[in-house]
Every structure is written in C-alpha cells, then in structure tokens.
Amino acid sequence: MSSVQAANPQFGWNQHALGRCDVARLQMAYDMQSWTAPYSTCLDLATISTVSPGATTVRAGSQVTFTASVRIANNSAYGRLADNPVHGRTVVLQRAAIGGTSWLDVATMTPASAAGVYTRAVTINASYQWRVSFRPAGEGVRPSTSVAVAVRLL
C-alpha cells in the first residue's frame, strides 16, 4: 500500500469508512462482533421466532412464563451468520382468542442471559392463543412471527 496519496485521486480513493455492503460481506465471512450488534442494512436475512409457555393448562390467576427464541434462519447463503441468535431486540408477546385472528400486543419481552432468548411472565385469566412477534428496526433482518400456542384454563 502506498504511503502517498495519488496526485489525481478518483472518487472513493481516500475512503476512511467501510460502506454498508462492505460491512455485510465482512459479517457474512467473519460473523458478528456480538449477538447484540446490528446486522448491516445491505443484508436481507430471514429470521425464525419460536415461543413456548411454562404451562399450557392453568388455573385462573396463575402466572405463566413465556420463553421466546429469535435466530437467523439456517441458510448456507448467509455464511457465518446462519443460525445466529438475535439478541437485545424488540420481541412482543401477543394474544388472541383461541381460533381468532385479531392479535393484541400484551407485553415486550425481556432479553434473558442466553443469547437470542427472551422471557415474560403473564397472569392468565382466560384461555388464549399466544405468539411472539420479532420487530427489527434499522438493520438487515426480516421480521418474523412464531407459531401460536394455546394456554387454557382448567
């Protein structure tokens, strides 16, 4: 590499920062610096969200802890990013009447100590189906919604 600048530099000759697609290529080749680091906006990675309740049948007034997981899809085209946990993002717990399609946001889930895992305890007073919705902002990952699970009263 030359220690002297070109006499007639062209556009981009003296770049001092990587572009978003340069960052994307580096992320795919070498992985993320941390699970909370944002994915380059040059990427368009599919995500997979799952949810599981601590119990599926409870008495009215019982608390149930929901555990969610968010990961990058396991796609070989994603390089080192495939199957990565996605941590420190917004994951919302939603409910609907069993068999219904009108989903209501109940709570934002809290990131757990394990990467890509989120939890939230909720008091159950009626039978509902539950799911999680991952809502990324300003990065190169797609939103995802889990399959619904039912929690019923005894």
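Nothing in this text is a laboratory measurement; each read-out follows from the coordinates by a stated rule. Quantities reported herein were computed from a predicted structural model and do not represent experimental measurements. Cβ: placed from backbone, ideal geometry, glycine included. Neighbour counts: every protein chain shown.
Brief remarks on what is shown
- Qualifying positions in region 58-73 - outside any strand (DSSP E or B) and under 22 Å from the mean Cα position of the chain (by Cα): A73
- So M32, is it in a loop (DSSP other than H, G, I, E, B), surrounded by 15 or more Cβ atoms within 10 Å (Cβ to Cβ) and either in contact (Cβ under 8 Å) with a residue 40 or more places away in the chain or among the hydrophobic types (A, V, I, L, M, F, W, C) (or both): yes
- Selection over region 128-154 of residues that are surrounded by 15 or more Cβ atoms within 10 Å (Cβ to Cβ), in a loop (DSSP other than H, G, I, E, B) and either of a type in the set (S, T, N, Q) or touching a Lys or Arg at 6+ places or on another chain (Cβ under 7 Å) (or both) gives a count of 3.
- The C-beta contact set for region 129-148 (first residue under 16 Å from I48 (Cβ atoms), second residue acidic (D, E) and assigned to a strand (DSSP E or B), distance under 9 angstrom, 6+ apart or interchain) comprises S133/D105.
- Being over 13 Å from the mean Cα position of the chain (by Cα), in contact (Cβ under 8 Å) with a residue 24 or more places away in the chain and assigned to a loop (DSSP other than H, G, I, E, B) is true of A55.
- Test: residue in region 74-89 that is among the β-branched types (V, I, T) and in a strand (DSSP E or B): no
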